[in-house]
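Following: one structure in C-alpha cells, then a few remarks.
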Amino acid sequence: MRIIILTVFLVFSFTITAYSWEKVPVPDYVNKKTKSPWNFYENFEDQKVGQVNLKKYHINDKGVGRKPFKIKQEPNENKFLEISVEHGWNKCCGTWVNTERAEFEVKPKKTLNKEIWYGFRMRFPENFEHIDDRLLVTQFKNNFKDMRKSPLVSVHFYENGNLVDIGGDTGGIAKIKYNSSEAFIHRVSNKFYKKDNKYELYKFKIRNQFSKYARELTSSAADINFPRSFKKIHGQWNTFKFGIKNSKSEDGFVRVFINDELVLNYSGITWDWKKGVYTGSHIRIGPYRDSDPLGIGYPKQSIHYDDFIVVSDKKTLDKYLN
C-alpha cells in the first residue's frame, strides 16, 4: 500500500511512484546477535495485474505451481496479492490427514535465539465463504526433519469463521504427531468465539496446564496477559503483527496483534524440541485447510494480502504497518 515519490532533477524531472520488495535496515539499537535473519518489506506495487513474481520467496508447491497467486488492483490503484485455494490443490500428506493449501514463504533460516517481528494486511473479500472446518491464514513454523507438529504460532478459523484459534507448539518430539500428553506440556493458545461485533476470549491454554475456559480467569496479576476480545475482521483490510523470540529459556515470547489489539501474549520457553534435526524456520502466508471428508470439495477460498514485512523489532514493524 505504501507509495514513495522520488523526484530527480537533471535536465528534466521524472517520478517513480511504485516499488515492491525492499531491504529494511536494522536499527542501531537492535542487538545484532539476536536480530532477525530476514529484514524486508513487500507491497506488490511494481507487480503486473493478473500475474505475480514471487522469485524472492518459496512456494509451498505440491503440484499446482503459481496458479493460486494473482496480483489484483483496487479502484484507488493499490495493488495486492490474492491467494486462492480450491478442492484438491496441493493436497498433502499421507494417510493420517488430508490437507489443501496455497502458501508462499520466505527462504527458511535458523532462528534459535533470534527475535523476529513480521506482519501484513489481510482481507476476506465480501463474497468469502468460510467452512465448517479448519482454515489457517498464516504460520510461523520451526521445522524439523519428518515434522509432525504444529507451528509455534498460527491463526486458524473454525466453525464457519465463528471460532479463531491463535497459538501453537513450543516444543515436543518433532516426528511424532499430535498427542494429548505432549500438547499438555507444550501447547500455547487463545481461542476466541464470535459474538455480535467482536471475537471474545472463549478458552485458553498455557504450557503444563490443561485448557481452561475464559470464565475461569480471575482479576489477579497472573491473568494480566490474557486479552479478552478483539473486533470482528471480515470485509475490510486488517493488520496482523507477530513478535517471536525462539529461546530454550524464559526470555522467549510470542505476541500477536490484530489491528493493534493484543490477542496472544505469551512469555516463556518457545523452543523445547527433542530428538530432531532442525532444518530452519518458516514464515508462511496463504490459506491452508483440511480437505472435505465427504470428498465433495469445499468451495474456492480467496484471501487478499498486502504489505508483507519481516524485521527485527516492533518499532520498525509499526513504522511500516501503522
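Among the conditions (1) at pLDDT below 95; (2) within 17 Å of the chain's Cα centre (by Cα), the only one that residue 104 does not satisfy is (1). Among residues of segment 163-185 that are charged (D, E, K, R), those with a beta-carbon under 7 Å from a residue that is at pLDDT 95 or above and part of a helix (DSSP H, G or I) at least six positions away or on a different chain give the pairs 169/186.
For residue 191, all conditions in the list (1) surrounded by fewer than 22 Cβ atoms within 10 Å (Cβ to Cβ); (2) over 23 Å from residue 124 (Cα atoms) hold save one; what is the number of the exception? It is condition (2) that residue 191 fails. Does any residue of segment 115-125 turn out to be of a type in the set (Asp, Glu), buried (at least 19 other Cβ atoms within 10 Å of the Cβ), assigned to a strand (DSSP E or B) and touching a residue at least 60 places away in the same chain (Cβ under 8 Å)? Yes: segment 115-125 contains one or more residues that are of a type in the set (Asp, Glu), buried (at least 19 other Cβ atoms within 10 Å of the Cβ), assigned to a strand (DSSP E or B) and touching a residue at least 60 places away in the same chain (Cβ under 8 Å).
I'm checking my understanding of the structure. Among residues of segment 259-299 that are of a type in the set (A, V, I, L, M) and open to solvent by 40 Å² or more (accessible area, probe 1.4 Å), which one is farthest from residue 186 (Cα to Cα)?
Filtering segment 259-299 for residues of a type in the set (A, V, I, L, M) gives 262-264, 269, 277, 283, 285, 294, 296.
Within this subset, residues satisfying the condition of being open to solvent by 40 Å² or more (accessible area, probe 1.4 Å) are 262, 277, 294, 296.
Working: 262: 21, 277: 18, 294: 32, 296: 35 Å.
This residue is 296.
Any residue in segment 216-235 that is of a type in the set (Asp, Glu) and either crowded, with 19+ Cβ neighbours inside 10 Å or touching a Lys or Arg at 6+ places or on another chain (Cβ under 7 Å) (or both)? Among the residues of segment 216-235, not one is of a type in the set (Asp, Glu) and either crowded, with 19+ Cβ neighbours inside 10 Å or touching a Lys or Arg at 6+ places or on another chain (Cβ under 7 Å) (or both), which makes the answer no. Pairs linking a residue in segment 133-161 that is in contact (Cβ under 8 Å) with a residue 60 or more places away in the chain and within 21 Å of residue 258 (Cα to Cα) to a residue that is not in a strand (DSSP E or B) and not aromatic (Phe, Trp, Tyr), with Cβ atoms under 7 Å and 6 or more positions apart or on different chains, are 139/151; 140/151; 140/152; 141/151; 141/152; 152/170; 152/270; 161/130.
Where residues in segment 59-92 are part of a strand (DSSP E or B) and open to solvent by 80 Å² or more (accessible area, probe 1.4 Å), which of them is nearest to residue 103 (Cα to Cα)? Lay out the reasoning, then the answer.
Here is the first cut: in segment 59-92, the residues part of a strand (DSSP E or B) are 59, 69-73, 79-85, 92.
In the following step, the residues that additionally are open to solvent by 80 Å² or more (accessible area, probe 1.4 Å) were identified as 70, 73.
Numbers: 70: 12, 73: 20 Å.
Applying the filter and picking the extreme gives 70.
Conditions (1) part of a helix (DSSP H, G or I); (2) of a type in the set (Gly, Ala, Ser); (3) in contact with a Leu (Cβ under 9 Å, 6 or more places away or on another chain); (4) more than 20 Å from residue 279 (Cβ to Cβ), marked per residue:
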site: 130; (1), (2), (3), (4): no, no, no, yes
site: 140; (1), (2), (3), (4): no, no, yes, no
site: 149; (1), (2), (3), (4): no, no, no, no
site: 155; (1), (2), (3), (4): no, no, yes, yes
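Within segment 246-258, not a single residue is open to solvent by 70 Å² or more (accessible area, probe 1.4 Å), more than 30 Å from residue 34 (Cβ to Cβ) and touching a strand residue (DSSP E or B) at 6+ places or on another chain (Cβ under 9 Å).
Could you pull out every one of the strands (runs of 3 or more DSSP E) wholly within segment 226-279 that has 3 or more residues that are over 17 Å from residue 168 (Cβ atoms)?
On the way: elements: 229-231, 238-245, 253-258, 261-267, 272-274.
Where strands (runs of 3 or more DSSP E) fall fully within segment 226-279 and carry at least 3 residues being over 17 Å from residue 168 (Cβ atoms), they are 229-231.
Within segment 174-216, the set of residues being among the basic types (Lys, Arg), in a strand (DSSP E or B) and closer than 25 Å to residue 250 by Cα comprises 187, 191, 203, 205, 212.
Flag set for residue 261, criterion: without any contact (Cβ under 8 Å) to a residue 40 or more places away in the chain and within 17 Å of the chain's Cα centre (by Cα). With respect to residue 201, is the statement that it is among the hydrophobic types (A, V, I, L, M, F, W, C) and either open to solvent by 10 Å² or more (accessible area, probe 1.4 Å) or touching a Cys at 6+ places or on another chain (Cβ under 7 Å) (or both) true? Here the answer is yes, as residue 201 does meet what is asked.
Checking every residue in segment 8-21 against the condition of being surrounded by 13 or more Cβ atoms within 10 Å (Cβ to Cβ), modelled with pLDDT of 95 or more and under 28 Å from residue 313 (Cβ atoms) gives zero matches.
Looking at the structure I just gave you, is residue 107 assigned to a loop (DSSP other than H, G, I, E, B), touching a strand residue (DSSP E or B) at 6+ places or on another chain (Cβ under 7 Å) and either of a type in the set (Lys, Arg) or open to solvent by 40 Å² or more (accessible area, probe 1.4 Å) (or both)? Outline the logic, then answer.
Numbers: assigned to a loop (DSSP other than H, G, I, E, B): yes; touching a strand residue (DSSP E or B) at 6+ places or on another chain (Cβ under 7 Å): yes; either of a type in the set (Lys, Arg) or open to solvent by 40 Å² or more (accessible area, probe 1.4 Å) (or both): yes.
Yes; evaluated as a whole, the condition is true for this residue.
You will find that of 266, 278, the residue that is within 30 Å of residue 32 (Cα to Cα) and over 17 Å from the mean Cα position of the chain (by Cα) is 278 and no other.
The values are calculated or read from the model by the stated rules, or taken from the named source; none is laboratory data. On a predicted model such as this, the values are computed, not experimentally measured, just so you know. Here Cβ is always computed from backbone atoms with ideal geometry, including for glycine, and neighbour counts include all displayed protein chains. For the accessible areas, the whole protein counts, side chains as well, though only heavy atoms, and no ligand, DNA or RNA atoms are used. Shrake-Rupley method; radii C 1.70, N 1.55, O 1.52, S 1.80 Å.
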